[in-house]
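Remarks on the structure that follows.
The values are calculated or read from the model by the stated rules, or taken from the named source; none is laboratory data. None of these values were measured; they are calculated from a predicted model. All Cβ positions, even for glycine, are placed from backbone atoms using ideal geometry, and neighbour counts span all protein chains on display. Calculation scope for accessible area: heavy atoms of the full protein, side chains included, ligands and nucleic acids excluded. Shrake-Rupley method; radii C 1.70, N 1.55, O 1.52, S 1.80 Å.
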Amino acid sequence: MAAVAYVRTETFFASGDLGTAARALEHALDRVPLLDSAAAHASLGALHMRAAVVAGRAGKADRAADHLREARRAASVVPEGVYLGTAFGPDSLRIHELAVAVELREPTRIERAAGWLPPETLPAERRSHYFIDLARAQLMLGRHEDAYLCLLAARQAAPEHTRAHPQVRQTLSTLLRTHSAAGSGLIDLAAWARAR
């Protein structure tokens, strides 16, 4: 049930229905059995990570902080791994902390999160998501070249995930609009991702 709620939230992200996403995650959190097992802690932690991003995107900083606190508690008792199909642990949490900081436009937290690289042992899609969010953060901070380099890193980590990700196209479109003389690398990456 937790894995289904975690994955189903992608639909609500795509449609922009953050209220329904938050309710679905809260409902799942209320129903996950409080067992003292790695899978149970990871399930709760993953739901809290996802709920923190939803709250961040909705501009609810306090609620996002509450969910991150609970996710940290869960991450403190389980090693990084894939549990019931979802990656969770201290490294996955760091990636979601960056996502929340970007959603809430918090430069100090972005700077802290940006000084880290996800280990190769993480699933490729999770690593690429870190670089996608970091690219958004770099763009927000006016570091266009760094944003471009982050998108290249995302592509290297997980090409299909990166190419299909709407935030990649948005970031590339902004980079193209803000560069009067965009380099061939940026133009090629934008064409590859079908960004306009």
> Alpha carbon centre of the stretch 143-161 versus the stretch 50-109: separation in Å?
Replying inline: 21 Å
> Calculated FRET efficiency, Ser184 and Leu84, Cβ-Cβ r, R0 45 Å, to nearest 0.05?
Replying inline: 0.55
>> Using C-alpha positions alone, give me the convex hull volume of the stretch 1-71 per residue in cubic angstrom.
In response: 66 Å³
> Among Leu47, Leu151, Leu35, which one moves the most in a GNM of the chain with springs linking Cα atoms closer than 10 Å?
Replying inline: Leu35
> Cα extents of the chain along the three principal axes, largest first, in whole Å?
Replying inline: 57, 33, 29
> Looking at the stretch 1-101, which chymotrypsin sites (Phe, Trp or Tyr not before Pro) are in a loop (DSSP not H, G, I, E or B) and have at most 10 other Cβ atoms within 10 Å?
Replying inline: none
> What whole-number value in cubic angstrom gives the convex hull volume per residue for the C-alpha atoms of the stretch 99-196?
Replying inline: 86 Å³
>> If you take every residue apart from Pro159 with its C-beta less than 15 Å away from the C-beta of Pro159, what net charge results, scoring Lys and Arg +1 and Asp and Glu -1?
In response: +3
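Compare Ser15, Ser173 by solvent-accessible area with a 1.4 Å probe and give them largest first, with all protein chains kept in place.
In descending accessible area the options line up as Ser15, Ser173.
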>> Less than 13 Å Cβ to Cβ from Ala193, Lys/Arg counted +1 and Asp/Glu -1: what total charge do the surrounding residues give?
In response: +3
> Summing +1 for each Lys or Arg and -1 for each Asp or Glu, what net charge is found among the other residues whose Cβ lies under 14 Å from the Cβ of His41?
Replying inline: -1
>> Tell me the carbon and sulfur percent of the accessible area for the stretch 43-196, rounded to whole percent, probe radius 1.4 Å.
In response: 51 percent
> Per residue, how many Å² of accessible area does the chain show with a 1.4 Å probe?
Replying inline: 50 Å²
> Most fluctuating residue of Asp66, Asp30, Asp133 in a GNM of the chain with Cα springs under 10 Å: which is it?
Replying inline: Asp30
> Under a point spin-label approximation (7 Å from Cα along Cα-to-Cβ), what is the Ala65-Thr20 distance to one decimal in nm?
Replying inline: 3.1 nm
